[in-house]
Structure formats: structure tokens, C-alpha cells
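What follows is a set of notes on a single structure, which appears directly below.
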Amino acid sequence: MKSMQNRSLNANSTIALLGSLDAQFSNKSKRGGKSLGPIPMDSPQQKGRTPSDANKVESIHKLAVLYHSRKNYEQAERLYQESLTMYSMQYGMEDPKVGQCLNNIGRLYFEEGWYSEAEVLFGRSLEIVREFYGDESAKVAKRLANLAELYNATDRHEEALEHYEQALAIEKKELGDDSTTTSRTKRALASTLRKLQRDAEAEELEKQCRVARSPERRLLAMRRMAQSTTPTSGLTKSASAPISAGERRRRPERRTNTPRPEATI
């Protein structure tokens with residue numbers, strides 16, 4: 001973890017930017033007597049913008065996600081902030097695109113250990129998606145799980161438990177009891193229960209995650225396995241094809257049983 005002195009990020013700048021955008025939209029709402037919404041295209045803030053700006057901000061946001069996935073946090077933060085400003089100008093502060101951007105910045109700060117700043121952004125993102133999609137949306141469950149993960153990281157396990165339970169209830173209803181996302185939340189909830197020394201409940205959840213997969217999931221797994229072993233050209237061999245003794249001598253590394261390291265992203 002980076003020390004406060006060595007960090008290149010400036011989490012307070014994003015919080016300040018969010019406050020500034022909020023104030024701008026609040027003032028506009030008071031002047032117009034209307035609820036918050038996108039700034040009209042003929043307003044001074046939108047003057048000179050074109051429809052291509054929508055494509056531009058999407059590209060900037062995708063680039064920010066790419067930098068984020070490669071752990072280039074400084075570049076990702078800068079592009080996220082630019083996306084946040086453009087999304088708010090085009091769609092308004094309560095649009096789900098703004099909520100997604102805030103959630104992504106929150107994840108970035110969480111990964112860097114800026115927990116208090118991440119909590120602010122996760123909370124705001126949750127408010128936006130809950131208002132836009134409703135309380136029973138899987139997107140709401142994802143935000144709840146993000147907050148629960150943060151609460152666990154800051155030793156607030158009771159709060160984490162509450163949020164994981166809410167997220168799990170939504171995912172069971174919206175995604176199904178045997179979905180990958182639901183199973184992941186069950187495991188996280190079980191881990192939280194163990195932190196609270198509620199081992200019997202945790203074990204019951206862990207058993208549910210170990211049950212046999214549904215026929216549909218088994219079929220999908222078989223298809224993925226078949227695709228991964230299908231040759232891509234006439235010179236490529238299947239991973240399960242036998243290797244001759246001569247080939248083993250030429251390529252002894254094929255005989256090792258050492259598993260490959262899992263991807264971190």
C-alpha cells in the first residue's frame with residue numbers, strides 16, 4: 001500500500017469535483033424551478049457541443065477502465081474525472097452513467113486504500129441506481145456488495161453483513177439462486193459470518209455454493225471446454241491430444257504439472 005506522501009492520486013479532487021457539479025445543478029434547479037436533469041443543448045454550458053461528444057465521453061470512460069484494469073491509477077483517475085464531468089453535463093447528475101462512473105472511481109480508491117473517499121462515491125452511486133432502476137435491481141445489489149466489501153476492509157462487519165444480506169436477497173430474485181454472481185455473494189457473506197464467529201450459518205452457505213451445477217451451467221462449461229481445446233489452425237493441436245516420445249524430448253516443459261498462475265484482473 002502506498003503511503004499518503006507517495007500517492008499520486010488526489011481523492012479529494014474527485015470529491016470536490018462532485019460537490020462542484022452538485023452545486024452547479026442545484027443552482028440551475030433553483031433558478032429554473034425544475035428538478036435536476038441534463039443541461040439543455042442551448043445553454044451556455046453546452047454551447048459548442050455536438051452529438052459526437054456522447055461517443056467521445058464513452059471512449060474516454062472505456063479508456064479509463066482499461067488504465068484501471070492495468071493498475072495505472074493516475075491515468076485512470078484523470079480520465080474518470082473527465083468522464084464524470086462530461087456525463088453530468090450531457091445527462092444530468094442523477095443519470096446511471098454518472099452512477100457507473102462514480103462506482104468505478106470508488107473501486108479505484110478502494111483498491112488504493114482510500115476507504116473514506118471510496119465510501120462516499122459508492123454511497124452516491126447506490127443512491128443513483130436505486131432511484132433510476134428501483135430497489136430490486138441487480139445493479140443495486142452490486143453497489144450494496146461493494147459497500148459491504150469496504151465495510152469488511154474497515155472492520156465494520158455488522159454493516160457488511162447487512163449489506164451482503166440485502167444484495168443476496170436481490171440477486172436470488174433477479175439472477176437466480178445458482179448464478180455465478182449469487183454464489184460469489186454467498187461466499188462473501190459466509191466469510192463475513194465467520195468474522196462474526198457465526199460459523200454454523202457460514203457453513204450452511206458454503207454448502208449451498210458446493211451443490212452440483214444445473215444442467216444449463218454444465219452444458220455451458222462443456223462448450224467452453226470444447227472451444228478451449230479446439231485447434232485454431234491446421235498446425236495447432238488440441239490440448240488433450242497425445243504427445244509422442246520424440247516431442248516430449250524436444251519439449252520437456254509439456255510434462256510439468258505446475259498450474260499456471262491465475263489472472264489478477
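The values are calculated or read from the model by the stated rules, or taken from the named source; none is laboratory data. Everything numeric in this text was worked out from a predicted model, so none of it was measured. Please note: Cβ atoms are built from the backbone with ideal geometry, for glycine as well, and neighbour counts cover all protein chains shown. All accessible areas refer to the heavy atoms of the entire protein, side chains included, with ligands and DNA or RNA removed. Shrake-Rupley method; radii C 1.70, N 1.55, O 1.52, S 1.80 Å.
Key figures for this structure:
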{"read-out": "Residue 74 in contact (Cβ under 8 Å) with a residue 24 or more places away in the chain and surrounded by fewer than 17 Cβ atoms within 10 Å (Cβ to Cβ)", "value": "yes"}
{"read-out": "Filter result for residue 133 (surrounded by fewer than 19 Cβ atoms within 10 Å (Cβ to Cβ) and either in contact with a strand residue (DSSP E or B) (Cβ under 7 Å, 6 or more places away or on another chain) or aromatic (Phe, Trp, Tyr) (or both))", "value": "yes"}
{"read-out": "Any hit, the range 189-206, residues being under 25 Å from residue 102 (Cα atoms), surrounded by fewer than 16 Cβ atoms within 10 Å (Cβ to Cβ) and modelled with pLDDT of 95 or more", "value": "no"}
{"read-out": "Some residue of the range 104-121 being among the aliphatic types (A, V, I, L, M) and open to solvent by 10 Å² or more (accessible area, probe 1.4 Å)", "value": "yes"}
{"read-out": "Flag if residue 183 is of a type in the set (Gly, Ala, Ser), open to solvent by less than 70 Å² (accessible area, probe 1.4 Å), in a helix (DSSP H, G or I) and at pLDDT below 95", "value": "yes"}
{"read-out": "Inter-residue pairs, beta-carbon under 6 Å, first within 17 Å of residue 24 (Cα to Cα) and open to solvent by 30 Å² or more (accessible area, probe 1.4 Å) and in the range 85-103, second in a loop (DSSP other than H, G, I, E, B) and hydrophobic (A, V, I, L, M, F, W, C), 6+ apart", "value": "94/36"}
{"read-out": "Pairs, first within 20 Å of residue 109 (Cβ to Cβ) in the range 51-69, second open to solvent by 70 Å² or more (accessible area, probe 1.4 Å) and in a loop (DSSP other than H, G, I, E, B), C-beta under 6 Å, six or more apart", "value": "69/265"}
{"read-out": "Enumeration of residues in the range 59-74 that are of a type in the set (D, E, K, R) and more than 16 Å from residue 100 (Cβ to Cβ)", "value": "70, 71, 74"}
{"read-out": "The range 149-170 residues that are without any contact (Cβ under 8 Å) to a residue 60 or more places away in the chain, paired with ones that are outside any helix (DSSP H, G or I) and open to solvent by less than 30 Å² (accessible area, probe 1.4 Å) (beta carbon under 9 Å, 6 or more apart)", "value": "153/113; 170/137"}
